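A short write-up of the structure that comes next.
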Amino acid sequence: MRVAVVDFDVHHGNGTEEIARHWIAKRRASGEHRSRASPDLFFASIHLADDGTSSGINFYPGTGVRDDLVNNIVNVVVPPMWLAKGATAHANAETGERARKKTKRFSDSDETAPKTAAKTTDVDQHQGGRLEWVKAFRERLIPALRAFGPELIVVSAGFDAAASDVGNLGVDPKRNTRHQGVNLRPEDYEDMTKSLVNVANVCDGRVVSILEGGYGHLVSAPGGKDDAGTLTLARDGFARCVRAHVKALT
């Protein structure tokens, strides 16, 4: 069976990539695969990446900045929004160049995004992040997945790339500031999921979704002030994203 694992959690799926690479190596060593690339396993991860060289923000886990096509591994790197001021991401050449050269950023306000009490220092919390992500998913990940022709797609469904989710916050320890990395909306998760389902339908395959990240957005506790000691997590935005994903699966 030809199995594809697609990870849209905001962090690189480093553990899954390691498992995939070892699986392929084992199959080759056994003589079951004569070709350079395994015909039965594909892994793709779309995620943020920044090693902190320019921004001072070292985004976890710091891996997945290049493809490994010999082993059917595709890593789609999206520059975090905190690089909008011109910092350089150690990302793949396409998205990295776009982040460096772009002088006019997209702006799309989202009145439905959950309100957060945490103060950030981004140029604009809705400046281009989701547009970069959606474009990369559509133009890099989906064509590679379609070319593989999976009979089963396993989705590592993380929702921590959602607007205001703490999972995609970048923390600058020197300045003690927090910066939002990307701002996906529920409809973005619905569209990504529909794209995956469409690939499965064309390839006579099936889709299985496994919940990963998604933590919620920071809000002030009742009667509290906007400081670290009185903040708590609200998960209404996270729930909307999950609901949109499940809707697209059915």
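Rule-based calculations on the coordinates, nothing more; no lab input. Source: prediction; values computed, not measured. FYI the Cβ positions are ideal-geometry reconstructions off the backbone, even for glycines, and counts take in every protein chain you see.
Residues that are under 14 Å from Asp7 (Cα atoms): which strands (runs of 3 or more DSSP E) entirely in region 134-192 hold 1 or more of them? Reasoning before the result, please.
On the way: elements: 152-157, 169-172, 177-180.
Ranges flagged: 152-157.
Under 9 Å by Cβ, and 6 or more places apart or on different chains, what pairs join a residue from region 45-62 that is more than 22 Å from Arg130 (Cβ to Cβ) and without any contact (Cβ under 8 Å) to a residue 40 or more places away in the chain with one that is of a type outside the set (A, V, I, L, M) and in a strand (DSSP E or B)?
As it stands, the answer is Gly52/Gly170; Gly52/Asp172; Asn58/Gly170, since those pairs meet every condition given.
Could you identify the single residue in Val199, Val207 that is surrounded by 19 or more Cβ atoms within 10 Å (Cβ to Cβ), more than 18 Å from the chain's Cα centre (by Cα) and part of a helix (DSSP H, G or I)?
Values: Val207 fails: part of a helix (DSSP H, G or I).
Every option except Val199 fails the conditions.
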